[in-house]
Amino acid sequence: MARFFVEHLPDSGVEYTLTGENAEHAKVLRLRAGEEVTLCDGRGMECPCRVEAGLTLRAGAPLPSPAEPKVRAALYLAFPKADKAEHVIQKATELGAAKIVLFPSRYCVSRPDDTSLAKKLDRWQKIARSAAEQSRRGVIPAVRALDSYGQAIAEAAQAELPVLFYENEEQLTLREALAEIGTPPHPSPAATPSPQGEGFVAAPTVSLMTGAEGGFSEEEIAQARAAGLKICTLGPRILRCETAPLAGLTAVMYALGEI
């Protein structure tokens with residue numbers, strides 16, 4: 001079933017006409033009268049629609065998206081080289097990430113200036129939108145960048161379970177850290193989506209922080225630990241900077257019953 005993200009959902013029974021990129025996409029799909037499509041507001045609500053004719057739809061009743069995870073997992077990535085961020089953003093969106101935040105760290109090779117970063121963020125957000133459509137998400141994860149490592153750990157620390165993955169940690173596993181929040185129930189149909197567009201208000205929050213190609217320095221680990229982040233291992237193997245966030249996110253989704 002085709003899926004289109006729109007700024008606001010129409011009321012039940014109202015006609016709605018696709019415009020802009022959605023109209024171009026619909027033309028490529030060659031939608032026919034009577035077909036079913038879905039409109040999403042990108043913040044966790046959607047409504048089924050029937051194609052009336054051409055680009056005109058008849059809206060059904062809005063309801064919470066059933067594809068959104070029962071946990072709000074945010075990824076914090078140190079800037080990687082080349083186009084690795086694009087791969088992580090696409091796959092993290094498919095897996096159910098609530099938001100994706102990039103930041104500089106001591107060993108980052110990539111340090112985009114303001115002009116190039118603005119262009120990258122625009123492209124990254126489009127990648128997240130496309131991946132959300134393909135994977136039937138009800139939320140488009142916000143893709144942002146912070147100015148410093150300190151800002152990143154301060155924001156990540158606000159989650160109920162803030163985790164930083166470190167290759168030299170040998171004791172605390174992600175499984176042990178996740179035991180602290182248990183398995184939350186799915187939001188009820190009456191649950192209210194977050195106005196920030198990061199899923200349902202009642203969902204527990206997890207932040208997962210990973211380093212760039214060179215990992216984190218001991219000073220950065222000490223800073224994160226002091227801020228309240230749990231320093232975890234992802235096992236005895238060294239994972240690439242584009243693999244670690246996806247491995248961690250997959251493990252979280254599996255542990256909480258999303259996979």
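Cross-linked pairs K27/K99; K27/K120; K91/K120; K84/K126: Cα-Cα separations exceed 19 Å for K27/K99; K27/K120. Taking K and R as +1 and D and E as -1, what net charge do the other residues with C-beta under 13 Å from the C-beta of E258 add up to? So the surrounding residues net to +1. With the convex hull drawn around the C-alpha atoms of the chain, the volume per residue stands at 124 Å³. Stretching the chain fully between V109 and E86 yields a gain of 6.6 nm (0.36 nm per residue, less the alpha carbon separation).
Here segment 140-177 is scanned for amide nitrogen atoms under 12 Å from the site 7 Å beyond the Cα of I238 along Cα-to-Cβ, giving 167-168. Each residue of segment 129-134 is assigned a 3J(HN,Hα), and the resulting list reads 5, 4, 5, 5, 5, 5 Hz, derived from the Karplus form 6.51 cos²θ - 1.76 cosθ + 1.60 (θ = phi - 60°), x at Gly and Pro. Annotation: amide H of A145 within the under-5 Å range of L102, sequence separation 5 or more or interchain, hydrogens built in the peptide plane. Each of F216, F4 was scored by other Cβ atoms within 10 Å of its Cβ. Arranged with the fewest first, they read F4, F216. Compared with the direct C-alpha span, the chain from T19 to A53 gains 10.8 nm at full extension, assuming 0.36 nm per residue.
A cut-off under 13 angstrom between Cβ atoms defines the neighbours of T210, and their net charge, with Lys, Arg +1 and Asp, Glu -1, is -3.
The share of alpha-carbon pairs in segment 52-101 lying farther apart than 17 Å comes to 55%.
Read-outs: derived from the displayed coordinates by stated rules, not from any lab. What you are looking at is a predicted structure, and each value in this text was computed from that prediction instead of being measured. Glycine also receives a Cβ, built like all others from the backbone with ideal geometry; neighbour counts cover every protein chain displayed.
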